[in-house]
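**Student:** Before anything else, here's the structure in question.
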Amino acid sequence: MSRSFVRNSKFRHVFGQASKADQCYDDIRISQMTWDSNFCSVNPKFVAMIVDASGGGAFMVLPLSKTGRIDMSYPTVCGHTGPVLDIEFCPHNDNIIASGSEDCSVMIWEIPDGGLTSPLTDPVVKLEGHSKRVGLLSWHPTAHNVLMSAGCDNIIILWNVARGEAVRMDMHPDMIYSACWNRDGSRILTSCKDKTLRLLTPARGTVLFEKEKPHEGFRPVRAVFVSDGKILTTGFSRMSERQLALWDPKNFGEPLTLQELDTSSGVLLPFYDPDTGVVYLCGKGDSSIRYFEVTDEAPYVHYLSMYTSKESQKGMGYMPKRGLEVNKCEIARFYKLHERKCEPIVMTVPRKSDLFQEDLYPDTIGPEPSVEADEWFQGKDGKPILISLKDGFASTTKTKEFKVHKSLQSERLRARRQRSGRRGRSEVQSLRKEVKDLKAALEELTKRVRELESNK
């Protein structure tokens, strides 16, 4: 007589539930751009979404409480001259958001506490260094004012945002599909069109490990760090089946596990929760969210369940742990983008008790950085500063003010004005010369006409 054993896990019964209609954000024209970024970023204060815009690029930032129908005239952040491709809130200040665009620039914006009352066109900082469109952004998890950007020029740039400087650059041989930090920001993981995973040290830009062809297919590969420095990838097989794989960088020869999922065409975006060990896979164009638990036991990645709905997703935002309702045993919250709305989806562990569940909510990363940008670029590492969610999270991000070195910014502005002034003066001189030449030509023609008339 055979017995079937079910693996014991507290996350085995996690279920997803869409929010009610009055808790959604309606009548928002989500961007139709075909780009494999999240198109959405969220924190305990705001939700931001890339939207359609004529004559440039724009994104909308709404206070979380502003649910329901959004008026068409609601102001947007619209300073880019090309479509916006990626946005990400700063983890250390909920009012700061970065945006990358087809206009080759990265812009940093400061959103007022109550949200926008008029269109925002002037960024706090404009970062220029890419020669092609910028499609990937990621803030450093522990260092204040350090931002990573990746462009279609195959370059990753590490920015000191407060100084507006590109401090380090790393060249890849082909287009970069994904780039992310590990938990303390001491490593960078990239996937590239040349079918290679690279593990980099941001301090020196050296490549520690390379893995060729983590997936055999030609479609984009996504990669994220999971527990104990392991790497989880999503990609495609040679037969275009979507796959999930787990790798140990100490032994990159064979994957710890490789699972085939389905034959859909959308790139799977992985979201990993280090507190629970659960990874969520959301595919653009899919109408589902799969979730797995990553453990130390073979087969290492254990399928839990799947949330499904009728509508396909255009993008997905992922709420930081400090923005969840712990009294409802909420372990994750997604913000799913439809064509004309944004819908929160809550992942819950069913528990009967209303008490704080310590096993579900270990201390998690808070908003306080552990090192400043200048120190980090000089080689000082910073471990994450953890907070307890037992009594709910009280925001402390106001104390961490976003400061830009005004002297450096004003020098740049002055230099830009001088350049435009010189250009303006040279243009005026050129116009004066053209007018002078035209006058001389007109006098010559007039003289010639008079001579012809006198000869008749």
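**Student:** Using only helices, what value at 222 nm comes out for the chain when you add -39,500 (n - 2.57) per DSSP H run of length 4 or more and divide by the total residues, to the nearest 500 deg cm²/dmol? Display every interim value, and only then the final one.
**Tutor:** Details: 2 runs with 54 residues, N = 456.
After summing the helix terms and dividing by residue count, I get -4000 deg cm²/dmol.
**Student:** Just to verify a number: what accessible area does LEU442 come out at with the full protein assembly present, 1.4 Å probe, Å² rounded to tens?
**Tutor:** 110
**Student:** For region 328-340, what does the Karplus curve 6.51 cos²θ - 1.76 cosθ + 1.60, with θ = phi - 60°, yield as ³J(HN,Hα) per residue in whole Hz, taken in order and with x for Gly and Pro?
**Tutor:** Result, rounded to whole Hz: 10, 6, 7, 9, 7, 9, 10, 10, 8, 8, 9, 5, 10.
**Student:** Also, quick follow-up: What is the helix-to-structure angle for 406-454, meaning the angle in degrees between its Cα long axis and the longest Cα principal axis of the chain, kept from 0 to 90 and rounded to the nearest 10?
**Tutor:** 30
**Student:** Can I ask one more? Once Cα extents along the principal axes in Å is worked out from the coordinates, which option in (i) 66, 56, 51; (ii) 126, 48, 46; (iii) 81, 62, 57 does it equal?
**Tutor:** Computing Cα extents along the principal axes in Å and matching it to (i) 66, 56, 51; (ii) 126, 48, 46; (iii) 81, 62, 57 gives (ii).
**Student:** While we're on this one: Among DSSP beta bridges lying fully in region 15-407, give the percent that are antiparallel, nearest 5. Provide the component values of the computation, followed by the final result.
**Tutor:** Numbers: 110 of 115 bridges.
DSSP beta bridges in region 15-407 are roughly 95 percent antiparallel.
**Student:** Which aspartates and glutamates, if any, have their Cα less than 16 Å from the Cα of LYS310, not counting same-chain residues under 8 positions apart?
**Tutor:** ASP286, GLU339, GLU343
**Student:** By a straight-distance test (C-alpha under 25 Å), which lysines pair with LYS436 as possible cross-link partners, with residues fewer than eight away in the same chain excluded?
**Tutor:** The qualifying lysines are LYS447.
**Student:** Which residues does a label at ASP228 reach in region 253-275, if reach means a backbone N under 19 Å from a point 7 Å past the Cα toward the Cβ?
**Tutor:** Only 253-259, 272-275 fall inside the zone, counting backbone N under 19 Å.
**Student:** Scanning the chain for chymotrypsin sites (Phe, Trp or Tyr not before Pro) in DSSP loops with at most 16 other Cβ atoms within 10 Å, what's the longest stretch left with none? Show your work: numbers first, answer last.
**Tutor:** Values: sites that count: PHE5, PHE218, PHE252, PHE356.
Result for the longest clean stretch: 6-217.
**Student:** Skip the ligands, DNA and RNA, and give the accessible area per residue of region 114-203 with a 1.4 Å probe, whole Å². Please list the in-between numbers first.
**Tutor:** Numbers: 3030 Å² over 90 residues.
In whole numbers, region 114-203 has 34 Å² accessible per residue.
**Student:** What accessible area per residue, rounded to a whole number of Å², is obtained for region 249-340 using a probe radius of 1.4 Å?
**Tutor:** Numbers: 3760 Å² over 92 residues.
Averaged over the residues of region 249-340, the accessible area is 41 Å².
**Student:** Of LYS126/LYS284; LYS328/LYS352; LYS195/LYS314; LYS10/LYS383; LYS126/LYS195; LYS45/LYS341, which ones are farther than 21 Å apart at the Cα? List each step's numbers first, then the result.
**Tutor:** Values: LYS126/LYS284 29 Å; LYS328/LYS352 10 Å; LYS195/LYS314 25 Å; LYS10/LYS383 28 Å; LYS126/LYS195 32 Å; LYS45/LYS341 19 Å.
The pairs that break the limit, which is 21 Å between Cα atoms, are LYS126/LYS284; LYS195/LYS314; LYS10/LYS383; LYS126/LYS195.
**Student:** Rounded to the nearest 0.05, what FRET efficiency do GLU212 and SER237 have when you use their Cβ-Cβ distance and R0 = 25 Å? It would help to have the intermediate numbers written out before the result.
**Tutor:** Values: r = 16 Å, r/R0 = 0.63.
Efficiency for this residue pair is about 0.95.
**Student:** Further, regarding this structure: Enter the Cα centre distance for the pair region 334-369 and region 85-156, rounded to the nearest angstrom.
**Tutor:** Between the Cα centres of region 334-369 and region 85-156 lies a distance of 25 Å.
**Student:** I've got another one for you. How about LYS230: which aspartates and glutamates have a C-alpha closer than 18 Å to its C-alpha, ignoring those fewer than 8 places off in the same chain?
**Tutor:** The qualifying aspartates and glutamates are ASP184, GLU210, GLU212, ASP248, GLU254, ASP273, ASP275, GLU293, ASP296, GLU297.
**Student:** In addition: Along the Cα→Cβ direction, 7 angstrom out, place labels at ARG7 and LEU431. What is the inter-label distance in nm?
**Tutor:** 7.2
**Student:** Would you work out what percent of the accessible area of the chain, with all protein chains in place, is carbon or sulfur (probe 1.4 Å)? Mind dumping the intermediate values first?
**Tutor:** Details: 11050 of 22680 Å².
In the chain, the share of accessible area belonging to carbon and sulfur is 49 percent.
The values are calculated or read from the model by the stated rules, or taken from the named source; none is laboratory data. What you see is a predicted model; the values in this text were computed from it and never measured. Every residue, glycine among them, receives a Cβ derived from its backbone with ideal geometry; neighbour counts consider all protein chains shown. SASA here: full protein model, heavy atoms, side chains in, ligands and nucleic acids out. Shrake-Rupley method; radii C 1.70, N 1.55, O 1.52, S 1.80 Å.
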